[in-house]
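Notes follow the structure.
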Amino acid sequence: MQERLQKILAQAGIASRRKAEELIREGKVRVDGMVVTEMGVRVDPATQKIECNGRPVFSLEKKVYILLHKPAGYLSTVRDPQGRPIVSDLLPNIKERIYPVGRLDLDTEGALLLTNDGELAQAVLHPSREVKKTYVAKIKGRPGSKKLAALSRGIELEGKKTWPAEITVLTSEKQTTTIQIIIHEGRKRQVRKMFEAVGHPVLQLKRIAYGQLALGELKPGKYRFLPPGDIKLIFKK
Ligand code: URA
């Protein structure tokens, strides 16, 4: 979420709002390495690097890492002008300014990482890190082996081929199939679009893991703090 730079500095305990404006005017504040002297510039502290007098601004704020089981029906955002249910409604006692790392669709449930550590968020989302996301999708119908092979090799979606996916059929019912799919891309509604593209729309979707960090027994709407060892699991292949 973007905020005025002077407000961020004040909230971080660097200086009063007025003193923060002075620091900005004097060229003491950098955003992503660039000096900002203009007043009122809006910055996102979760994704941008802010420094004052050469020191990171959030060095005093405790970093928190949370794994939430997002229920369906909640937006993966910390603010909604329309007043719809948002994930922060489920974390009322968290004082730190945490943000979701990526998003899950309104109708998707499952593992959602939230943090105030912008560097970690960028690492998780950056394609070069190839963080695997595991989903369980209940889809309409029973796709044959050709379709499953195509999905796992990669299919054309909006003019671009998807990266190879790991596909495992978990159960087959009469009119539906439950499939585990592991991808490391994060295109918008990717899993839904992939199954839709082969004629098997998704009926239910749940993300069960980032890398080797699994949702486990966490119930919908519940969350847990992640110790450093668990954060490492995100990047484990
Ligand atoms: N793919 C989707 O289609 N939806 C999500 O929420 C996540 C991945």
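The values are calculated or read from the model by the stated rules, or taken from the named source; none is laboratory data. Keep in mind the model is a prediction, meaning the values are calculated, not measured. With ideal geometry, Cβ positions are generated from the backbone for all residues, glycine too; neighbour counts draw on all protein chains shown.
Details
- Wholly enclosed strands (runs of 3 or more DSSP E) of segment 168-237 bearing at least 1 residues among the charged types (D, E, K, R): 202-210, 223-225
- In segment 195-209, the residues that are charged (D, E, K, R) and either more than 13 Å from the ligand (Cβ to nearest atom) or more than 16 Å from the chain's Cα centre (by Cα) (or both): E196
One line per residue, one yes/no per condition, for (1) aromatic (F, W, Y); (2) within 30 Å of Y210 (Cβ to Cβ); (3) more than 19 Å from the chain's Cα centre (by Cα):
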| site | (1), (2), (3) |
| --- | --- |
| I24 | no, no, yes |
| K28 | no, no, yes |
| T37 | no, no, yes |
| G40 | no, no, yes |
| E51 | no, yes, yes |
| V57 | no, yes, yes |
| L68 | no, yes, no |
| L75 | no, yes, no |
| P81 | no, yes, yes |
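- Where strands (runs of 3 or more DSSP E) fall wholly inside segment 41-146, the ranges with 1 or more residues that are under 25 Å from G216 (Cα atoms) and out of contact with any helix residue (DSSP H, G or I) (no Cβ under 6 Å at 6 or more places or on another chain) are 65-70, 109-115, 133-140.
- Meets criteria (surrounded by 15 or more Cβ atoms within 10 Å (Cβ to Cβ), within 25 Å of F225 (Cα to Cα) and within 16 Å of the ligand (Cβ to nearest atom)) for L114: yes
- Counting the residues of segment 17-29 that are surrounded by 12 or more Cβ atoms within 10 Å (Cβ to Cβ) and not in a strand (DSSP E or B) gives 9.
- Inspection of segment 51-63 finds no residue satisfying the criterion of being within 30 Å of E166 (Cα to Cα) and surrounded by 13 or more Cβ atoms within 10 Å (Cβ to Cβ).
- Close pairs (6 angstrom Cβ cut-off, 6 or more residues apart or separate chains): outside the structural domain of I98 (by TED's automatic domain parsing) in segment 20-47, surrounded by 13 or more Cβ atoms within 10 Å (Cβ to Cβ) and assigned to a loop (DSSP other than H, G, I, E, B) anywhere: V29/V36; V31/Q48; D32/Q48; D32/K49; R42/Q2; D44/Q2
- Scanning segment 210-226 turns up at least one residue that is within 13 Å of the ligand (Cβ to nearest atom) and at pLDDT 95 or above.
- Apart from one condition, E196 fits all of (1) exposed (fewer than 15 other Cβ atoms within 10 Å of the Cβ); (2) more than 23 Å from R129 (Cα to Cα); the exception is (1).
- Residue within segment 64-78 that is modelled with pLDDT under 95 and within 16 Å of the ligand (Cβ to nearest atom) present: yes
- Qualifying residue in segment 150-161 (condition: within 21 Å of the chain's Cα centre (by Cα) and of a type in the set (S, T, Y)): no
- Residue within segment 152-167 that is among the hydroxyl-bearing types (S, T, Y), touching a Pro at 6+ places or on another chain (Cβ under 9 Å) and modelled with pLDDT of 95 or more present: yes
- Among residues of segment 87-111, those that are surrounded by fewer than 21 Cβ atoms within 10 Å (Cβ to Cβ), touching a Lys or Arg at 6+ places or on another chain (Cβ under 7 Å) and at pLDDT 90 or above, counted: 1
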